[in-house]
Amino acid sequence: MNKLTINHELLISRAIEARERAYAAYSKYKVGAAVLTEDGRIFTGCNVENAVYPLTLCAERVAIFKAVSEGATQITAMAVATANGGTPCGSCRQVMREFGDPSMPVYIADVRGNYRETTLGGLLPDSFSVKDLSAE
Ligand code: THU
């Protein structure tokens, strides 16, 4: 099967747009994310905070859960946008690993569209995944 080419500029711009919809009432730190799924769809997410602070959900997980709940099983690229080029938290990295391979490109962007490219494996080396559960 041919691999879909990744339009990373589009993915980044969708993450920047999604960031505008962040509900960051307490931290004021807005985050946007966009995931590309294996079937070529893009799902976006923003952080959604709560007065009960620990209930906050990160932008990355919102985007991934939207994708999975719409039938996607594999993510093939992800873009994350913040004011200052912040990177995904540890919890999000593990959730990304559930649905993405270590070689998956991750674009870390700021609101002006400056970005750097890394991989999921770069963000979460030596990761634990479903493969470890089946290793006897
Ligand atoms: N946040 C994300 O959305 N993604 C991350 O990977 C890091 C943190 C959000 C959670 C909270 O709403 C705000 O940023 C400050 O932690």
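Being under 20 Å from GLU98 (Cα atoms) and charged (D, E, K, R): is that true of GLU20 here? Here the answer is no, as GLU20 does not meet what is asked. Criterion applied to VAL95, VAL80 was being within 15 Å of the ligand (Cβ to nearest atom), outside any helix (DSSP H, G or I) and hydrophobic (A, V, I, L, M, F, W, C), and the one residue passing it is VAL80. Among the residues here, THR5 qualifies as polar (S, T, N, Q), more than 9 Å from the ligand (Cβ to nearest atom) and modelled with pLDDT under 95. Note on the range 15-25: residues that are more than 11 Å from VAL111 (Cα to Cα) and of a type in the set (D, E, K, R) total 1.
Could you tell me whether the range 76-91 includes any residue that is on the phi > 0 side of the Ramachandran plot and either more than 11 Å from the chain's Cα centre (by Cα) or at pLDDT 95 or above (or both)? For the range 76-91, residues on the phi > 0 side of the Ramachandran plot and either more than 11 Å from the chain's Cα centre (by Cα) or at pLDDT 95 or above (or both): present.
Yes/no matrix, rows are residues, columns are (1) outside any helix (DSSP H, G or I); (2) surrounded by 14 or more Cβ atoms within 10 Å (Cβ to Cβ):
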| site | (1), (2) |
| --- | --- |
| ILE6 | yes, yes |
| ILE16 | no, yes |
| ARG21 | yes, yes |
| SER27 | yes, no |
| LYS30 | yes, yes |
| VAL35 | yes, yes |
| ASP39 | yes, no |
| GLY45 | yes, yes |
| GLU60 | no, yes |
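Scanning the range 47-58 for residues that are near the ligand (Cβ under 8 Å from one of its atoms), part of a loop (DSSP other than H, G, I, E, B) and of a type outside the set (Asp, Glu) yields a total of 3. Of everything in the range 98-118 that is among the small types (Gly, Ala, Ser) and modelled with pLDDT of 95 or more, the residue that is nearest to the ligand (Cβ to nearest atom) is ALA109. Taking the criterion of being within 20 Å of GLU117 (Cβ to Cβ), within 13 Å of the ligand (Cβ to nearest atom) and either free of Cβ contacts under 8 Å to residues at least 24 places away in the same chain or surrounded by 20 or more Cβ atoms within 10 Å (Cβ to Cβ) (or both), would at least one residue in the range 69-77 satisfy it? There is no residue in the range 69-77 that is within 20 Å of GLU117 (Cβ to Cβ), within 13 Å of the ligand (Cβ to nearest atom) and either free of Cβ contacts under 8 Å to residues at least 24 places away in the same chain or surrounded by 20 or more Cβ atoms within 10 Å (Cβ to Cβ) (or both).
The values are calculated or read from the model by the stated rules, or taken from the named source; none is laboratory data. Since this is a predicted model, take the numbers as computed values, not measurements. Ideal geometry is used to build each Cβ from the backbone, glycine not excepted, and the neighbour counts take in all protein chains shown.
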